[in-house]
Each structure stands twice: as structure tokens, then as C-alpha cells.
Amino acid sequence: MTAPSKRVLVVSDGSSLSNQTRDRKAGAAAVLEYQGKRKVVGEFLGTATNQRAEVTAACIGLEALREPCEVTLVSDSEYVIRTMLGEYRRRSNLDLWERLDRAARRHRVIWTWTRGHAGHELQELCDRAARLIAKAGRVDQAALEEIIAASP
């Protein structure tokens, strides 16, 4: 692998509304930041669990990068971060871990955990985006871009 030249921050978050019911709806989002510019990507996941939403969010963030990069990936999911650091064993969601491995393979990734809802600006934006996707039942790119545009 050639040395990546771009340093990118990816903040990912998943949301599963009504997680314990049959009415569950899940969304995943990632905010990418490069040289002060921000982009948001998302995916609606239907009735997925919160864990699946969190892993998918990391996937879509890395998949959105068009070339190999040095990536700091920030998530409030210990499940994602600790699994990717080898601290947790992969027992379920194996299809998503395979997808995440593929997405990460071409980058140098620093896996970083942050506490959720603790004032991390981009994590809060990403949480809003993931919840919006889950609630709407689809990705409304214009609404996601409004979230980013309204940020300081």
C-alpha cells in the first residue's frame, strides 16, 4: 500500500429507534471532515439492531473515501472500536465485520472511542443525522446537509 496523503476525520454513529420492539427502525450516518470541509453520508437499515447500525455507520464512513487516507475514525460505540482493536471477539454480525474490514483495508485507521452525548461536536451532529434517517425511514440527503450547514 502506498502511503496515504490525506488525513481525514470520520465520525460515525448508528441509531435504532424503538430498539426493543417490532416497530424498530435503524439508521447509520458518518460525518467526514477534511481540511475544514464536512460531508455527511447515511444509510437506512430497516429493522436492524443498534449494534448493526453502529458497525454500518463505520462502514459507510470509510466507504465514502475515494482514495487511501490516514483516517481517525471516532465512534461512541465501544462495540465497534474494541472489536476493531481486537479486544472483543466477533461472535455476531459477521457480514458487517467483513464489510468493515474491506472498507478499512485501503486506509490507515486510528480507531477512537468517544463518550456519546458528551459534547463532541461532530459526534452530536452524526447522532442527529442517524436519528433523522431512522425516524424518516430513508436517507434525505438535503436534510442531512442542513444538519451540517447549521453546525458552527
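The values are calculated or read from the model by the stated rules, or taken from the named source; none is laboratory data. Predicted, not measured: the structure shown is a model, and the values here were computed from it. A quick note on method: Cβ atoms are made from the backbone with ideal geometry, for glycine too, and the neighbour counts reach across all protein chains shown.
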**Request:** May I ask you to say which residue of ASP13, ASP101, ASP23 is among the acidic types (Asp, Glu), assigned to a strand (DSSP E or B) and out of contact with any Lys or Arg (no Cβ under 6 Å at 6 or more places or on another chain)?
**Result:** ASP13
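Which residues, counting only those in the range 46-67, are in contact with a strand residue (DSSP E or B) (Cβ under 9 Å, 6 or more places away or on another chain) and either in a loop (DSSP other than H, G, I, E, B) or without any contact (Cβ under 8 Å) to a residue 40 or more places away in the chain (or both)? Quick ask: steps written out before the conclusion?
Looking only at the range 46-67, we keep the residues that are in contact with a strand residue (DSSP E or B) (Cβ under 9 Å, 6 or more places away or on another chain), and these are 46-65, 67.
Once the filter is applied, which keeps residues that are in contact with a strand residue (DSSP E or B) (Cβ under 9 Å, 6 or more places away or on another chain) and either in a loop (DSSP other than H, G, I, E, B) or without any contact (Cβ under 8 Å) to a residue 40 or more places away in the chain (or both), the range 46-67 yields GLY46, THR47, ALA48, THR49, ASN50, ALA64, LEU65, GLU67.
On the given criteria, is THR83 modelled with pLDDT of 95 or more and part of a helix (DSSP H, G or I)? If you could, list the steps in order and put the result at the bottom.
Working: modelled with pLDDT of 95 or more: yes; part of a helix (DSSP H, G or I): yes.
Criteria met by THR83.
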**Prompt:** Which condition breaks for SER92 when tested against (1) farther than 14 Å from ASP13 by Cα; (2) in a helix (DSSP H, G or I)?
**Reply:** (2)
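I'd like to verify a number: residues in the range 118-139 that are closer than 12 Å to ALA29 by Cα, outside any helix (DSSP H, G or I) and in contact with an Asp or Glu (Cβ under 9 Å, 6 or more places away or on another chain), how many? Talk me through it step by step, then tell me what you get.
Initial filter on the range 118-139 (closer than 12 Å to ALA29 by Cα): 122-134, 138-139.
Okay, now just the ones that are also outside any helix (DSSP H, G or I), so 138-139.
Right, trim to in contact with an Asp or Glu (Cβ under 9 Å, 6 or more places away or on another chain) and you get 139.
Going through the range 118-139 one residue at a time, the tally reaches 1.
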**Request:** List every residue pair whose Cβ atoms lie under 7 Å apart, where the two residues are 6 or more positions apart in sequence or sit on different chains, the first residue falls within the range 81-103 and is polar (S, T, N, Q), and the second residue, located anywhere, is part of a loop (DSSP other than H, G, I, E, B).
**Result:** THR83/ARG90
